[in-house]
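Asks: Sharing a structure, written as structure tokens. Questions coming.
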Amino acid sequence: MTYTQTNDGMPAEVHSLDAGHIAELLNQMMERMDRLEQHLMKVNTLADEAPALLAMATDTVDGLYRDAANAGVDIDERLKVGLHALERLTDPATLRALAGLSEQLVTLEQLARQAPGFAAMTVDMIDELYAAISKQGVDLEGTVRQGLLALRNLLTLMQSEEVKALMSSGVLDPKTLQVMGAAAHALVSAQREPRRAGPMSLLGALFNRDVQRSLGFALNFAERFGQKLPG
């Protein structure tokens, strides 16, 4: 393309521009400048209001701090504790423990979902066991009732005055039981080896040390038993 020069040194194509188009371009530039000026005015307004807004925010925070202090809340202490808790929570060991706990929770959730099935299976097993026992002619309900009745009677007996007197009588003392056991053993042995005894045998038995111990025990028992008998 070739340009022809005019007397003022400008290309002829520039002189051929539409004056209306130039005016439109100027209007667009002016609108943009107006918008930019409006934005700058808003920025200046915010800059002018910033100290007041900052002071108001500071007053608000101070008021909240005073209200918390009046309510007995130590914000500084809570912040320290919160930071310490955050530090502990973000510790790798704590995070690993939480990860392990989450896995355990997943396992527990699965078990909880399977619990109804386990319960139903347990009920079925009990029903089958009950049916098998019933087929053998065992009245399970009656047996349970009799067992509960026996347990109730046993508890009543254990709380009775007779059992209390027995417990305090010394009959169940270990030494008493030892003597009773020795007597029972002697009775069984004497029954297994019976023998006849005449006057001379009785006289000779008086010189037997075991017989002498038995007679001494019998005399001692008779004396003490007589002391316990009511007058």
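Asks: Using beta carbons and a limit of 8 Å, which pairs, at least six apart or on different chains, have the first residue in segment 187-203 and of a type outside the set (D, E) and the second one in a helix (DSSP H, G or I) and surrounded by 10 or more Cβ atoms within 10 Å (Cβ to Cβ)?
Replies: The qualifying pairs are A197/A205.
Asks: Checking the structure you have, find out if any residue of segment 44-55 is over 30 Å from R78 (Cβ atoms) and either open to solvent by 100 Å² or more (accessible area, probe 1.4 Å) or outside any helix (DSSP H, G or I) (or both).
Replies: Looking through segment 44-55, at least one residue is over 30 Å from R78 (Cβ atoms) and either open to solvent by 100 Å² or more (accessible area, probe 1.4 Å) or outside any helix (DSSP H, G or I) (or both).
Asks: Let me ask something else. Would it be correct to say that L215 is in a helix (DSSP H, G or I) and not aromatic (F, W, Y)? Lay out the reasoning, then the answer.
Replies: Details: in a helix (DSSP H, G or I): yes; not aromatic (F, W, Y): yes.
So L215 passes the test.
Asks: Here is a follow-up. Tally time: how many residues in segment 86-133 are open to solvent by 100 Å² or more (accessible area, probe 1.4 Å) and aromatic (F, W, Y)?
Replies: Within segment 86-133, residues that are open to solvent by 100 Å² or more (accessible area, probe 1.4 Å) and aromatic (F, W, Y) number 1.
Asks: Please verify whether segment 133-143 includes one or more residues that are within 30 Å of F217 (Cα to Cα) and either part of a helix (DSSP H, G or I) or of a type outside the set (S, T, N, Q) (or both).
Replies: There is no residue in segment 133-143 that is within 30 Å of F217 (Cα to Cα) and either part of a helix (DSSP H, G or I) or of a type outside the set (S, T, N, Q) (or both).
Asks: Now for a separate question. Out of curiosity, is G170 closer than 26 Å to F217 by Cα and either outside any helix (DSSP H, G or I) or in contact with a His (Cβ under 7 Å, 6 or more places away or on another chain) (or both)?
Replies: yes
Asks: Confirm whether G72 is under 37 Å from the mean Cα position of the chain (by Cα), surrounded by 10 or more Cβ atoms within 10 Å (Cβ to Cβ) and under 30 Å from V61 (Cβ atoms).
Replies: no
Asks: Another one. Would it be correct to say that L83 is modelled with pLDDT under 75, open to solvent by 100 Å² or more (accessible area, probe 1.4 Å) and within 60 Å of the chain's Cα centre (by Cα)? Break it down stepwise before answering.
Replies: Details: modelled with pLDDT under 75: no; open to solvent by 100 Å² or more (accessible area, probe 1.4 Å): yes; within 60 Å of the chain's Cα centre (by Cα): yes.
Judged against the criteria, L83 is not a match.
The values are calculated or read from the model by the stated rules, or taken from the named source; none is laboratory data. Remember, it's a predicted structure, so these values are computed and weren't measured experimentally. Positions of Cβ are generated from backbone atoms using ideal geometry, with glycine treated the same way; all protein chains shown enter the neighbour counts. Ligands, DNA and RNA are stripped out before the accessible areas are found, and what is left, the full protein with its side chains, is counted by its heavy atoms. Shrake-Rupley method; radii C 1.70, N 1.55, O 1.52, S 1.80 Å.
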